[in-house]
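Supplied in structure tokens, the structure appears directly below.
The values are calculated or read from the model by the stated rules, or taken from the named source; none is laboratory data. Since the model is a prediction, treat every value here as computed from it, not as a measurement. Please note: Cβ atoms are built from the backbone with ideal geometry, for glycine as well, and neighbour counts cover all protein chains shown. These accessible areas exclude ligands, DNA and RNA; they are computed on the full protein's heavy atoms, side chains included. Shrake-Rupley method; radii C 1.70, N 1.55, O 1.52, S 1.80 Å.
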Amino acid sequence: MSSLPRRVKSEAKTLKSEDELPSFLNSSSESEEEEEEWEPKSKVAKRPRLPKKNEAKTKKVPAPRSTVARKTIKKVAVKEEMSMLNMVSMPFWQDVSLPIAPAEDNSMQLLKPKEENADTKPRTLSQKPVVLKKKELNSFQGNNLKSLECDEKPSTSVPVVGNDMKPEKSEADFGFDEPPFKKLKSTACPEGKPVKNIGGNKVKEEFEMNWDIVQALSEITNVEPWVCANLIRLFREENTIPFIARYRKELINNLEADALREVQQALEELRTVAKKTHTMIQKLKKEGKLSGCLLTALLNCRTLEELDHVSAPYKTGSKGTKAQRAKQLGLEPAALSLLQTPMELNLFSCIRPNIKGLSTIQEVEAGVQHILADIFAKDKDTLDFIRKLCQQRYICIQSSLAKVSSKSGNEKDIGKFQLYHEFSCNIKTIQHHQILAINRGENLKILTVKVNIPDGVKNEFCWWCVNERWRPKQFLKPEFMRILRNSVEDAYKRLIYPLLCREYRSKLTSDAEKESVMMFGRNLRQLLLTSPVRGRTLMGVDPGYKHGCKLAIISPTSQILHTDVTYLHSGQGFREAEKIKRLLLQYNCSTVVIGNGTACRETEAYFADLIMKKYFAPLDVVYCIVSEAGASIYSVSPEACKEMPDLDPNLRSAVSIARRVQDPLAELVKIEPKHIGVGMYQ
């Protein structure tokens, strides 16, 4: 007993001196009487607080060996537990010394102000209690929180304590001071599986056109429409391509990053066309030149070439097309009447002897023909038919030597394009480098280039226009049928054929430029990721004739050990061999790196002959050839001057050649990509 604290001793004595009932049973009966005589909060007297802190400490005290003390501690523990249960059934405002876990402190603090400011009128039992959902609660804390969240009116029922009590679930679970739960993917859309039609394939754009941007993007990139719709939404939300490729695979059908870049580029081109189209519409509307047919033609444009074709006659400073001049003379009603009501048409009534362009019947017929040709060339169905027809036929691109360049021109430049003086190839099989070469020759005015479309396409197109697409609604007189046929041929020769040539040339050039960039990237990647030769002392050789071969010996850590110049190809080969052998033995160097520039093959034969004769014994010398593209440019660059300020530029190139074998990536990044020389026509 001496080991117990005084507090425990005094409580044990009072327990023994009590009559038959212990004090904790008396306290519970008193609490029941108080519950029956319940009054509003303002009239209830404050209960004396139980000494929780001291009682909690008694549990940590080690129990003594005596049986009397053991029984006393058991009674104290029972009393503490029963008092806890009574406090659970009590109204929570009467005692705030409940042992609540620290995790619930915030929620208790949020609940208190609401209860203090509440009206004196108690709430009825029909009101739903606010339930706080917690993930982990033990049985005591769960029951304790339930009693706290009940109505303010204290319960008169018998308190039920047990593990089988389940907290009531509200319709909308929420928790104070908790972050929102992460939305998990449902079983309908598991990770990695395609998710179609999240918001449908209809996407609203800033500039509306007559064509659907999702369908147009799908036709250009050969990607499913639902994937294009998802990508448009993702790009609009400013998601990057790495993020989409890694974390939105189910929305894009597992497309690669390169395919995403193509879709993004095509989307930007379509949006550019739409933006320029609406800008042109606003400009023409302001100038008073906009008509219903022109508006439809502009909204049907899908490429910049089509937009230029339609809007060229209306640009500022243009004299106007033949069709525009004919319309200004008032011949448009006659042209439309020829297609709709030819029986009522009389061209002789349009003759005006004093007006230029209307003085004779031939001029009136020419004006009507120009208006009809303009209508045919801007019709969407007509252009779609001729494009589809060309896809089924043999379309070739031809180049020939220009007449002007053959008379007066640089023979050296003309010789570079000798392969393309008489060149012809199908546009479906022509190589990208050939397109770039033809374009360069045309820019230098050495070559003449044209796209050859067979005559069968023209004949079939004219028959289709006269007999199907633009067939008159009534019988045509022979002279009107002749005007119609001439209008179709004029539309093809003067308007449609040049448009097709521009489209083919533009597409071929665009594809060739994209492929050249991609090829440059592939070749540069292979060059930069060449395996390094580590842990060797290397001798770099920059071969040459007149100025000699520049030598540079570098350590395994790329430090410059020695530089020199030798003249191997001027009759002093044997004497220079002694110098090379002495340097190799002095620095224990067994690898020679030769640049592939001027005198490369002669230098290679020189070293191969010495190695075959075992001239460098006891060293087992080997050699290799490396590209020296960009070495001379790097040798005089500011970076090389800072790195090797005391060396001659010729010797710097030898150091660069040796380092390209030792660590290609670290050396080649110092050179501008256009000087490395691994692309298609840099």
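Just to be sure, is Leu500 assigned to a helix (DSSP H, G or I), surrounded by 15 or more Cβ atoms within 10 Å (Cβ to Cβ) and in contact with a Pro (Cβ under 9 Å, 6 or more places away or on another chain)?
Values: assigned to a helix (DSSP H, G or I): yes; surrounded by 15 or more Cβ atoms within 10 Å (Cβ to Cβ): yes; in contact with a Pro (Cβ under 9 Å, 6 or more places away or on another chain): no.
Criteria not met by Leu500.
Tally the residues that are of a type in the set (Ser, Thr, Tyr) and touching a strand residue (DSSP E or B) at 6+ places or on another chain (Cβ under 8 Å), restricting the search to region 461-506.
Here is the first cut: in region 461-506, the residues of a type in the set (Ser, Thr, Tyr) are 487, 492, 497, 504, 506.
Now restrict to residues that are touching a strand residue (DSSP E or B) at 6+ places or on another chain (Cβ under 8 Å): 504.
The number of residues fulfilling the criteria is 1.
Can you tell me which residue is nearest to Thr509 (Cα to Cα) among those in region 417-449 that are of a type in the set (D, E, K, R) and outside any strand (DSSP E or B)?
Filtering region 417-449 down to residues of a type in the set (D, E, K, R) leaves 422, 428, 440, 442, 445.
Add one more test, that the residue is outside any strand (DSSP E or B), and what stays is 428, 440, 442, 445.
Details: Lys428: 13, Arg440: 11, Glu442: 13, Lys445: 17 Å.
The selected residue is Arg440.
Based on this model, can you work out whether Glu489 counts as in the same structural domain as Glu344 (by the TED database) and not in a loop (DSSP other than H, G, I, E, B)?
Details: in the same structural domain as Glu344 (by the TED database): yes; not in a loop (DSSP other than H, G, I, E, B): yes.
It is true that Glu489 is in the same structural domain as Glu344 (by the TED database) and not in a loop (DSSP other than H, G, I, E, B).
Do we find a residue being open to solvent by less than 40 Å² (accessible area, probe 1.4 Å), small (Gly, Ala, Ser) and assigned by the TED database to the domain that holds Lys546 anywhere in region 611-628? Outline the logic, then answer.
Our first condition is that a residue be open to solvent by less than 40 Å² (accessible area, probe 1.4 Å); within region 611-628, this holds for 616, 619, 621, 626.
If we keep only those that are small (Gly, Ala, Ser) too, we end up with none.
No - not one qualifying residue is present in region 611-628.
Now a separate question. Scan region 586-632 for residues that are polar (S, T, N, Q) and without any contact (Cβ under 8 Å) to a residue 40 or more places away in the chain and jot them down.
Matches in region 586-632: Gln586, Asn596, Ser632.
Considering each of Asn201, Asn210 in turn, give the residue that is modelled with pLDDT under 90, in contact with a Pro (Cβ under 9 Å, 6 or more places away or on another chain) and part of a loop (DSSP other than H, G, I, E, B). Outline the logic, then answer.
Working: Asn210 fails: in contact with a Pro (Cβ under 9 Å, 6 or more places away or on another chain).
Among Asn201, Asn210, only Asn201 is modelled with pLDDT under 90, in contact with a Pro (Cβ under 9 Å, 6 or more places away or on another chain) and part of a loop (DSSP other than H, G, I, E, B).
So if I check each of His370, His309, His278, which one is open to solvent by 20 Å² or more (accessible area, probe 1.4 Å) and in contact with a Lys or Arg (Cβ under 6 Å, 6 or more places away or on another chain)? Explain how you work it out, then say what you get.
Working: His309 fails: in contact with a Lys or Arg (Cβ under 6 Å, 6 or more places away or on another chain); His278 fails: in contact with a Lys or Arg (Cβ under 6 Å, 6 or more places away or on another chain).
Criteria check complete, one pass: His370.
Can you find a residue that is assigned to a helix (DSSP H, G or I) and over 30 Å from Lys327 (Cα atoms) anywhere in region 277-290? Before you say what the answer is, go through the steps one by one.
Here is the first cut: in region 277-290, the ones assigned to a helix (DSSP H, G or I) are 277-287.
When the remaining residues are screened for being over 30 Å from Lys327 (Cα atoms), the result is none.
Among the residues of region 277-290, not one is assigned to a helix (DSSP H, G or I) and over 30 Å from Lys327 (Cα atoms), which makes the answer no.
Which ones in region 629-639 are outside any helix (DSSP H, G or I) and either open to solvent by less than 80 Å² (accessible area, probe 1.4 Å) or not assigned by the TED database to the domain that holds Ala577 (or both)? Write out each step before concluding.
First, pick out the residues of region 629-639 that are outside any helix (DSSP H, G or I): 629-630, 636-637.
Those that are outside any helix (DSSP H, G or I) and either open to solvent by less than 80 Å² (accessible area, probe 1.4 Å) or not assigned by the TED database to the domain that holds Ala577 (or both): Ala629, Gly630, Ser637.
Taking Ile580 as meeting all but one of (1) closer than 17 Å to Thr537 by Cα; (2) open to solvent by 10 Å² or more (accessible area, probe 1.4 Å); (3) over 51 Å from the mean Cα position of the chain (by Cα), write down the number of the exception.
Ile580 satisfies every listed condition except (2).
Name the pairs: first residue in region 441-459 and closer than 14 Å to Pro498 by Cα, second residue open to solvent by less than 10 Å² (accessible area, probe 1.4 Å) and small (Gly, Ala, Ser), Cβ to Cβ under 6 Å, at least 6 apart or on different chains?
That search, which allows pairs on different chains as well, returns Val449/Ser399.
Can you confirm whether region 477-486 contains a residue that is touching a Ser or Thr at 6+ places or on another chain (Cβ under 9 Å) and surrounded by 13 or more Cβ atoms within 10 Å (Cβ to Cβ)? Outline the logic, then answer.
Residues of region 477-486 that are touching a Ser or Thr at 6+ places or on another chain (Cβ under 9 Å), as a first pass: none.
Scanning region 477-486, I find no residue that is touching a Ser or Thr at 6+ places or on another chain (Cβ under 9 Å) and surrounded by 13 or more Cβ atoms within 10 Å (Cβ to Cβ), so the answer is no.
Is it the case that Arg601 is in the same structural domain as Val655 (by the TED database), modelled with pLDDT under 90 and assigned to a helix (DSSP H, G or I)?
Values: in the same structural domain as Val655 (by the TED database): yes; modelled with pLDDT under 90: no; assigned to a helix (DSSP H, G or I): yes.
No; evaluated as a whole, the condition is false for this residue.
Scan Gly535, Gly548 and give me the residue that is small (Gly, Ala, Ser), loosely packed, with under 14 Cβ neighbours inside 10 Å and in the same structural domain as Asn650 (by the TED database).
Numbers: Gly548 fails: loosely packed, with under 14 Cβ neighbours inside 10 Å.
None of the other options fit; the residue is Gly535.
Determine whether Lys388 is in contact with an Asp or Glu (Cβ under 9 Å, 6 or more places away or on another chain), charged (D, E, K, R), without any contact (Cβ under 8 Å) to a residue 40 or more places away in the chain and assigned by the TED database to the domain that holds Ser337.
On the way: in contact with an Asp or Glu (Cβ under 9 Å, 6 or more places away or on another chain): no; charged (D, E, K, R): yes; without any contact (Cβ under 8 Å) to a residue 40 or more places away in the chain: yes; assigned by the TED database to the domain that holds Ser337: yes.
The answer is no for Lys388.
Cβ-Cβ distance below 9 Å, separation of 6 or more or different chains: which pairs start in region 362-381 with a residue that is farther than 11 Å from Leu484 by Cα and touching a residue at least 24 places away in the same chain (Cβ under 8 Å) and end on one that is open to solvent by 20 Å² or more (accessible area, probe 1.4 Å) and hydroxyl-bearing (Ser, Thr, Tyr)?
Correct list of pairs: Asp374/Thr321; Lys378/Thr296; Lys380/Thr296.
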